[in-house]
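First comes the structure, then the notes that go with it.
A short reminder: the numbers here are calculations on the coordinates, not readings from a lab. For clarity, every value in this text was computed on a predicted model and none was experimentally measured. Heads up, the Cβs are rebuilt from the backbone with ideal geometry, glycines too, and the neighbour counts pull from every protein chain shown.
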Amino acid sequence: MTAIEVTDLHKRYGRTTALDGVSFTVHPGEIFGLLGRNGAGKSTTVAAIAGLIRPDRGTVRVLGHDPVRERATVRRVLGVQLQDAALHPALTVRELIRLHRGLHADGLDPDFLIDALNLDHRRDTRFEQLSGGEAQRVSIAAALAGKPRVAVLDELTTGLDPEARRDIWRIVTDLRADGVSVLLVSHAMEEVERLCDRVALLDHGRLLALDTPAALAAQTGRDTLDEAFLALTGGTR
Ligand SMILES: Nc1ncnc2c1ncn2[C@@H]1O[C@H](COP(=O)(O)OP(=O)(O)OP(=O)(O)O)[C@@H](O)[C@H]1O
């Protein structure tokens, strides 16, 4: 059983083609990176996986289920952290994490998550009063509270300080060790190089490359993924 299977995904917004035939598979227990410049189609792909949009053509399966037609089933197995997650501003950190935990039959102890994400001093603070980095950590905690078998993390550590980034990287590798599959959308090449088993590179709604970070670097004759990324996308602007 594949964790996520995206097949020939197409999506247009008016005259803009956001996705133009994207296919890839995320294996169980894998951290899979989704990369690409601004506007490449990453968030549209994530929205289709989360069942938030209907693709014009193509299919998405999460552990074999259709995110739109089997929404309730997919919600039970999929944890999604979106960019600019809109969590209820008046609820406290603990209330929000408990709320998200309560939506699932299984889950992680909210107090464990609060400690793991270094939010203990903010436990009783309302969401609207948090700093950007703290709000980001709460959105990650909310996505993981239901102990998902598949996690989609969009710009996981954007805006976080180096220590918080390392804490979150550790949480993500612990998830993989527990057999959770992770789709990680990121612009941070160091993060991708450290965490991802394989990487898909999107460009103008198409899949430009898909391989391990080391193989992508080797394929382009570069030393780092950062340079490989630039080499692969450089000529197409
Ligand atoms: N709701 C929408 N209406 C119109 N156009 C949209 C909509 N959502 C996305 N697009 C367009 O579709 C294309 C792909 O956008 P998408 O947000 O998927 O890219 P992205 O790779 O996530 O970019 P970023 O790195 O900036 O988050 C872009 O050209 C974007 O402007």
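Details
- Residue check for Thr17: over 19 Å from Ala151 (Cβ atoms), within 13 Å of the ligand (Cβ to nearest atom), part of a strand (DSSP E or B) and among the β-branched types (Val, Ile, Thr): yes
- Selection status of Thr92, over 16 Å from the mean Cα position of the chain (by Cα) and β-branched (Val, Ile, Thr): yes
- Cβ separations smaller than 6 Å between residues 6+ apart or across chains give the following pairs from region 193-211 residues that are at positive phi to residues that are within 15 Å of the ligand (Cβ to nearest atom) and assigned to a strand (DSSP E or B): Gly205/Thr17; Gly205/Ala18; Gly205/Leu19; Gly205/Asp20.
- Residue in region 21-42 that is within 14 Å of the ligand (Cβ to nearest atom), part of a helix (DSSP H, G or I), over 30 Å from Asp124 (Cα atoms) and touching an Asp or Glu at 6+ places or on another chain (Cβ under 9 Å) present: yes
- Every residue from region 78-128 that is assigned to a helix (DSSP H, G or I), charged (D, E, K, R), in contact with a helix residue (DSSP H, G or I) (Cβ under 7 Å, 6 or more places away or on another chain) and farther than 21 Å from Asp154 by Cα: Arg94, Arg98, Asp120, Arg122
- A Cβ distance below 9 Å, combined with a sequence gap of six or more or placement on separate chains, defines the contacts here; from region 162-181, residues that are under 20 Å from Arg76 (Cα atoms) reach residues that are of a type in the set (Asp, Glu) and assigned to a loop (DSSP other than H, G, I, E, B) in the pairs Arg176/Glu30; Arg176/Asp197; Ser181/Glu30.
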